[in-house]
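Here's the structure, in structure tokens; my notes come after.
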Amino acid sequence: VKVAVIHAAHDIRVEDQEVPPLGPGDVRVRVRAGGICGSDLHYYQHGGFGQVRLREPMILGHEVAGVVEQIGAAVTAVAVGAHVAVNPSQPCGCCDYCRRGMPNQCLDMRFYGSAMRMPHVQGAFREVLVCTESQAIPIPDELAFSSAAFAEPLAVCLHAARQAGALLGQRVLVSGVGPIGALAVLTARQAGAREIVATDILAEPLDLVRRIGADRALNVREQPDALQSYSAGKGYFDVVFEASGSAAALAAAVQVVRAGGSIIQIGLGGDLSVPMNVLVSKELTLRGSFRFHEEFVWAVHCIASGAIKVEPLLTEIVPLAQVRRAFELAGDRRRAMKIQLAL
Ligand SMILES: [Zn+2]
Ligand SMILES: [Zn+2]
């Protein structure tokens, strides 16, 4: 079957590979849709991020959905023919963090398409994927695979929302509206936020989040002081979801979040400096949010029920044979919100 393998920055190839054998607890999924994520783009554009570098060829991809075409002898929860979204996260289940109920912090995590460990964990941009039964979450037959493939990034946002606590009646700022920021806008709306303001440095994604429900969308490159008025009275927002990983955005967040408010940092941005005196004196909470666990199933339900409508975020579905074009397009934020591969 065909797979999409990254060899080095800007070197992604479609190659043939044998389908791995099916264990008793495994299912074989014919993959239909695979979303290109920020981490996939980092491997494509830079060969990795931070300390994490590609050291061997790796199949990219971790946002996929498809059809079960074969099941192992011991599988009971999924049937042949079932449509599924595939959870790319495989915590070990027995390390200290797994046992404490924090499996997203697993010490022995295997997450699809990740070069964090050696050998790398191969990803899911393949025509046929073998995963465990517990990773295959059934979706309704009538749900588009392209919609179901949003379950992973939406799960990231649902986890971030839990880090923030109740959003009912809250004023929320989302900084950085790539796919994660845009899904954070949808999540905050669904969770009952009273007011949602979004910021970015590009007009195109801001136009999109305005259409999907942000009350205001501000271009902080064209108007560097666009958030200024929100810093009056020790700040305005109860919660900030910081999804850009930019130092300027985090510094702005500290100014415009109200005393006692929370900043949930989702974007990874390397070593950012924080205006610590303001953080201390306003008694702010600065909290990281990383991946997800049980939120994956919740995300599938939100998408399947239509409670969260992800479809406006999908820019284009590109055939696997044009994987290079797909990655170039995905890297152009003026033209693309979410690009998916048809596998
Ligand atoms: Zn992702
Ligand atoms: Zn573990």
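Figures for the structure shown
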read-out: Gaussian network model of the chain, Cα within-10 Å springs - most flexible of His159, His46, His301; value: His46
read-out: Contact order normalised by residue count of the stretch 1-129, Cα under 8 Å, 6+ apart, percent; value: 30 percent
read-out: Lys282 accessible area, assembled protein chains, probe 1.4 Å, Å²; value: 20 Å²
read-out: Listed residues Asp200, Asp271, Asp96 arranged by accessible area, highest first, probe 1.4 Å; value: Asp271, Asp96, Asp200
read-out: Top of Gln105, Gln70, Gln223 by mean-square fluctuation, Gaussian network on the chain, Cα under 10 Å; value: Gln223
read-out: Cα gyration tensor shape of the stretch 1-139, rounded if a/c is under 1.5, else prolate or oblate by comparing a/b with b/c; value: oblate
read-out: Area accessible to solvent at Val1, 1.4 Å probe radius, in Å²; value: 50 Å²
read-out: 0 to 90° range, to nearest 10: angle between helix 247-256 axis and the chain longest Cα axis; value: 50 degrees
read-out: Accessible area per residue in Å² at 1.4 Å probe, computed on the stretch 147-221; value: 31 Å²
read-out: Accessible-area ranking of Val156, Val29, largest first, probe 1.4 Å; value: Val156, Val29
read-out: Charge dipole of the chain about the Cα centre (unit charges at C-beta), most positive-ward option of Pro57, Trp298, Pro24; value: Trp298
read-out: Gln255-Met116 pseudo-label distance in nm [points 7 Å out on the Cα-to-Cβ vector]; value: 3.4 nm
read-out: Pair Ser273, Tyr97: separation of 7 Å Cα→Cβ label points (nm); value: 2.9 nm
read-out: Charge dipole (debye, nearest 20) of the chain; +1 at Cβ of Lys and Arg, -1 at Cβ of Asp and Glu; value: 580 debye
read-out: Heavy-atom accessible area per residue - the stretch 224-265, 1.4 Å, Å²; value: 37 Å²
read-out: Percent carbon-and-sulfur accessible area, the chain, ignoring ligands, DNA and RNA, probe 1.4 Å; value: 52 percent
read-out: Cα gyration tensor, the chain - rounded (a/c under 1.5), prolate or oblate; value: prolate
read-out: Gain in span if fully extended, Gln223 to Arg194, counting 0.36 nm per residue against the direct Cα distance; value: 8.0 nm
read-out: Net charge of neighbours whose Cβ lies under 14 Å from the Cβ of Phe241, counting Lys and Arg as +1 and Asp and Glu as -1; value: 0
read-out: Listed residues Glu56, Glu204 arranged by accessible area, highest first, probe 1.4 Å; value: Glu204, Glu56
read-out: Check: the stretch 13-164 dipole with +1 on Lys, Arg Cβ and -1 on Asp, Glu Cβ, in debye; value: 480 debye
read-out: Shape call, the stretch 270-343: gyration tensor on alpha carbons, a/c limit 1.5; value: oblate
read-out: Nitroxide proxy distance, nm - points 7 Å out along Cα→Cβ at Ala321 and Asp207; value: 3.2 nm
read-out: Gaussian network model of the chain, Cα within-10 Å springs - most flexible of Ala65, Ala77, Ala321; value: Ala77
read-out: Residues of the stretch 13-118: accessible area per residue with a 1.4 Å probe, Å²; value: 47 Å²
read-out: Acute angle (nearest 10 degrees) that the helix 179-190 long axis makes with the longest principal axis of the chain, alpha-carbon atoms; value: 70 degrees
read-out: Sum of -39500 (n - 2.57) over DSSP H runs of 4+, divided by residues of the chain (222 nm, nearest 500); value: -7000 deg cm²/dmol
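The values are calculated or read from the model by the stated rules, or taken from the named source; none is laboratory data. Bear in mind that the values here come from a model prediction, so they are computed numbers and not experimental data. Don't worry about glycine lacking a Cβ; one is built from the backbone with ideal geometry, like all the others, and counts go over all protein chains shown. Ligands, DNA and RNA are excluded from the accessible area calculation, which covers all protein heavy atoms including side chains. Shrake-Rupley method; radii C 1.70, N 1.55, O 1.52, S 1.80 Å.
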